[in-house]
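Peer 1: Take this structure first; my questions come after.
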Amino acid sequence: MHRLRTCAARLRPITASQTAKNLSQQRPAATPRTFQPFRCYTAPVAAEPFLNGTSSNYVEEMYYAWLENPKSVHKSWDIFFRNANAGAPPGTAYQSPPPMGVSLAGLARAQSLVGAQPNVEKLVEDHLIRGHHVAQLDPLGIMDADLDSCVPTDIITSSDKLGFYGLEESDLDKVFRLHTTTFRLPTTTFIGGNESALPLREIIRRLEMAYCQHIGVEFMFINDLDQCQWIRQKFERPGVMQFSLEEKRTLLARMVRSTRFEEFLQRKWSSEKRFGLEGCESLIPALKTIIDKSSDKGVDTVIMGMPHRGRLNVLANVIRKELEQIFCQFDSKLEGSGDVKYHLGMYHRRINRVTDRNITLSLVANPSHLEAVNPVVQGKTKAEQFYCGDTDGNRVMSILLHGDAAFAGQGIVYETFHLSDLPSYSTHGTVHVVANNQIGFTTDPRMARSSPYPTDVARVVNAPIFHVNADDPEAVMYVCTVAAEWRATFHKDVVVDLVCYRRNGHNEMDEPMFTQPLMYKQIKKQKGVLQKYAEKLIAEGAVSRQEYEEEISKYDKICEEAHARSKDEKILHIKHWLDSPWPGFFTLDGQPKSMSCPSTGLPEEELAHIGQVASSVPVEDFTIHGGLSRILKGRADMIKNRTVDWALGEYMAFGSLLKEGIHVRLSGQDVERGTFSHRHHVLHDQNVDKRICIPMNHVSPNQALYTVCNSSLSEYGVLGFELGFAMASPNALVLWEAQFGDFHNTAQCIIDQFISPGQAKWVRQNGIVLLLPHGMEGMGPEHSSARPERFLQMCNDDPDFNPKVTDDFEVRQLYDCNWIVILLPFRKPLIVFTPKSLLRHPEAKSNFDQMLPGTHFQRMIPDDGPATQNPSEVKRIVFCTGKVYYELARERKARNMEDSVAITRIEQLSPFPFDLVKAETEKYPNADLVWCQEEHKNQGYYDYVKPRMCTTIDRAKPVWYAGREPAAAPATGNKNTHLLELKRFLDTAFNLDAFKDHV
């Protein structure tokens, strides 16, 4: 009897007296039944012809009919099943005098068949569910891959344990069916091939071969019957793991390359860290098998991410990077800063020699934050699929490699898995390969995870998990073939758990005997997997020893020749390690693009047209919410008045780019509507479920697609995903918006490891945009500050250096900095601290005149009020940025100080506008300089701005501070205290003499 279950609870032993009861309990209640009347009313005597064969379909059908309705069967069957349920021994359940010609032996056989067949089926089912617990997965033979040293008693198959299933030694030679009745969920087992029945002894043997050897399969938690049946066929059919001579020879050659590459590095650079692959050499043929099979299925681009263990080997023997480029990385004369060699990435297009098809392989650079690259790879894969029109993942796929401890321990793994089936984030199936070292640096797995396997996190998305002993290359090759076929068939994630070991410890300089003495004593005795596999093939006659040694010599020669070439200093350049090149972007007609900043203004008719789209519903018979009707009317009124607020300005920026053919993708929690109900880029029909309209996709007939998508409740994973998406093409605007600015805290790893240092570490540019709502509005410590001080601290401009102003000063500054993006011949990340209350502030609006052709982004907005009429009389310049300007302007007016105080807004904090600040301070020669911010003194912008302002004015004047006092939290949680703090720092800004006296 087949039941798909999600747990592995131990079952009580089944006795003969419990058989009928168990059948009743195990039978799914919802299974449809179509009984045949001529059978339902037949007495036991009529069953005799059916009882003499090996099939018990008829008896079981009668039994299930009886369970459904005792009156639907002949009275004699009713008596028979009642007695059997009561525990009557075989041959005695039917007690009425039998009609002429009927033997009690036949009825006894009927009862025994009803009892034994389901128990055999239960034995089969238990092997499917928990056979992996007894599989021989550890190459060392000392660890339990599932952290459980107890063997499950219900899948012990020795004859003395058959009683667990109500079976006896004599049953081993009895023949049992391999198929079930039509009344239950199908539990057809494929171990018989074309045979419909087998002796129990052979059934057990074949189950052990399928599920209890070097491969352990976890899949019975999957709630799709077709998928389960597909997997069963792949592992149960006789002879599925048969390989041709050519396949074995290819596998051996790949093992030679994997093993000898590490040995070559060890000989040449024995004192260098390289995080080699020793103990898991079969990873290389594993990856190549996945790529070969995927290429055969039509894939032409593979995006990969991995930690540092084995990266150099993967670069050499999977990506096929030139060996001399790898070897020269061990030379300290390498140009550029970059990162260590086992963190860098690579992009390569080549011929796959197995399929004779072109394939592009990209290995994304990754820091030591092991799993951080996972969402980046997924985002890049999604982008590649998007730009080539691959809607099902048939052409572009991703492979992610993991370590066992990180896979179980880091939450980003879970976040990334939960993106796998979301419409705007799915990459239609990823093959995950876990290099299961059975240790995390020095931490025993029993101290590193609570789950039985490191791969259990994959169960949350119903991904099948194939555990395999890494010292059996053919088993590895087979499960990788199945994994690639699964992904191509179902377009869902799959996990290959490569159970291996580390021969040299965490790195080549480490001493693992300190902490794992017993394991490493065994490892020292362990014969290498290449040697074992070569001996196996030589014994089989698949290769000769001479052929094997020639294969080794051939690859050693390749390595030596590459090593000689690596000494040529001309090849030393970091550019060879780009993982996402942008061909043609940095040049025009073969020449570098000019360093210029073109106008970003638009003709008035285009502004008006985009505004009309933004204030309309371009779909017929579409009912919107009444409140939204008022919002759209408000937009239309602004267009008539030639003004825009923040939301409408964003609409015009996006719409104009789409019209020019530039893809725009906006992602994050609640971005479709906007956290503050200001955006409404996706309209929902109030009468038809799931019917939506995206007006932005109706701007122009030949426009690019606008993708706006609410994300899962994840920051780390989603920001990493969007970063990866932005890698794929420079001709797109990719934005991630935090629900509130401080939510980027949980994505800090992506910011610190990829975005801020991206060009310096990985030699690659990226145009990702972060929109971070920010503002101190009395809402408490949460949701107030986007922590601008953190981003400013990571900016790479020198506060003590005043750059020389040239014709291309503005653009040159942007080029030299580590993050910002405008319409320029290069790409840098941009951090925007977006407004909250200003979204509806009546004064926070712009006129069309500020957006017409010839206009540019204003790095600084100087005062244009009465103070400019007589600048020599101005006593104070207050520099500020963001929302506090409107509070300062209101306070200045209330104090009647518009003639004596100038307020200047710095819109681009980094790179700092040295030239504009200098000109502004010179305009008001007699004015004191004040920096005012609403954030606390140890937060916000002050520590960044002050030294740069001092450098600008050559320290001739002090720069006074007006703002909140230092504090540990971003904001107070008390509204009254918030207002009191606001009043205090505004007093300071406009009454500097009192402040000076206090100081």
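Peer 1: Would segment 514-521 turn up any residue that is assigned by TED's automatic domain parsing to the domain that holds R254, of a type outside the set (S, T, Y) and within 21 Å of S258 (Cβ to Cβ)?
Peer 2: no
Peer 1: Please enumerate the residues belonging to segment 528-559 that are among the hydroxyl-bearing types (S, T, Y) and either part of a helix (DSSP H, G or I) or not assigned by TED's automatic domain parsing to the domain that holds E322 (or both).
Peer 2: Y533, Y548, S553, Y555, listed by residue number.
Peer 1: Among the candidates D899, D915, D864, single out the residue that is in contact (Cβ under 8 Å) with a residue 60 or more places away in the chain, surrounded by fewer than 20 Cβ atoms within 10 Å (Cβ to Cβ) and farther than 30 Å from F725 by Cα.
Peer 2: D915
One line per residue, one yes/no per condition, for (1) in the same structural domain as S616 (by TED's automatic domain parsing); (2) buried (at least 21 other Cβ atoms within 10 Å of the Cβ); (3) of a type in the set (S, T, N, Q); (4) farther than 26 Å from S846 by Cα:
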position: R642; (1), (2), (3), (4): yes, no, no, no
position: Y651; (1), (2), (3), (4): yes, yes, no, no
position: G655; (1), (2), (3), (4): yes, yes, no, no
position: G668; (1), (2), (3), (4): yes, yes, no, yes
position: R673; (1), (2), (3), (4): yes, no, no, no
position: V682; (1), (2), (3), (4): yes, no, no, no
position: K690; (1), (2), (3), (4): yes, no, no, yes
position: C693; (1), (2), (3), (4): yes, no, no, yes
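Peer 1: Follow-up. Condition first: surrounded by 14 or more Cβ atoms within 10 Å (Cβ to Cβ), more than 46 Å from the chain's Cα centre (by Cα), charged (D, E, K, R) and part of a helix (DSSP H, G or I). Can you find one or more residues in segment 921-938 that meet it?
Peer 2: yes
Peer 1: Check off (1) of a type in the set (G, A, S); (2) within 30 Å of Y211 (Cα to Cα); (3) crowded, with 24+ Cβ neighbours inside 10 Å for S450 and give me the number that stays unchecked.
Peer 2: If we test S450 against (1) of a type in the set (G, A, S); (2) within 30 Å of Y211 (Cα to Cα); (3) crowded, with 24+ Cβ neighbours inside 10 Å, just (3) comes out false.
Peer 1: Among the candidates V461, V479, single out the residue that is among the β-branched types (V, I, T), surrounded by fewer than 24 Cβ atoms within 10 Å (Cβ to Cβ) and more than 18 Å from M306 (Cβ to Cβ).
Peer 2: V461
Peer 1: Please work out which one of (1) touching a helix residue (DSSP H, G or I) at 6+ places or on another chain (Cβ under 7 Å); (2) under 23 Å from T250 (Cα atoms); (3) crowded, with 24+ Cβ neighbours inside 10 Å is the condition V499 fails and give its number.
Peer 2: Evaluating V499 over (1) touching a helix residue (DSSP H, G or I) at 6+ places or on another chain (Cβ under 7 Å); (2) under 23 Å from T250 (Cα atoms); (3) crowded, with 24+ Cβ neighbours inside 10 Å leaves (1) as the failure.
Peer 1: When you check Q227 against the structure, is it surrounded by fewer than 15 Cβ atoms within 10 Å (Cβ to Cβ) and outside the structural domain of A470 (by TED's automatic domain parsing), yes or no?
Peer 2: When the stated conditions are applied, Q227 does not pass them.
Peer 1: Moving on to the next point. For segment 923-943, give me each residue that is touching an Asp or Glu at 6+ places or on another chain (Cβ under 8 Å) and among the small types (G, A, S).
Peer 2: If the condition is that a residue be touching an Asp or Glu at 6+ places or on another chain (Cβ under 8 Å) and among the small types (G, A, S), then G940 is the only one that fits.
Residue by residue, here is whether (1) more than 15 Å from the chain's Cα centre (by Cα); (2) assigned to a loop (DSSP other than H, G, I, E, B); (3) free of Cβ contacts under 8 Å to residues at least 60 places away in the same chain holds:
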residue	(1), (2), (3)
Q686	yes, yes, no
M696	yes, no, no
N702	yes, yes, yes
L713	no, yes, yes
L723	no, no, no
D742	yes, no, no
A747	no, no, yes
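Peer 1: Related question: Select, from L792, L735, the only residue that is hydrophobic (A, V, I, L, M, F, W, C), modelled with pLDDT of 80 or more, farther than 24 Å from I412 by Cβ and surrounded by fewer than 24 Cβ atoms within 10 Å (Cβ to Cβ).
Peer 2: Just one listed residue meets the conditions, L792.
Peer 1: What tally of residues in segment 326-360 results from selecting those that are among the polar types (S, T, N, Q) and modelled with pLDDT of 85 or more?
Peer 2: 4
Peer 1: Same structure again: Just to be sure before I move on: is V354 out of contact with any His (no Cβ under 9 Å at 6 or more places or on another chain), buried (at least 23 other Cβ atoms within 10 Å of the Cβ) and touching a residue at least 12 places away in the same chain (Cβ under 8 Å) in the structure I sent?
Peer 2: Considered against the rule, which asks whether it is out of contact with any His (no Cβ under 9 Å at 6 or more places or on another chain), buried (at least 23 other Cβ atoms within 10 Å of the Cβ) and touching a residue at least 12 places away in the same chain (Cβ under 8 Å), V354 comes out as no.
The values are calculated or read from the model by the stated rules, or taken from the named source; none is laboratory data. All values reported here derive from a predicted model rather than from experimental measurement. Glycine gets a Cβ as well: all are built from the backbone with ideal geometry, and neighbour counts include every protein chain shown.
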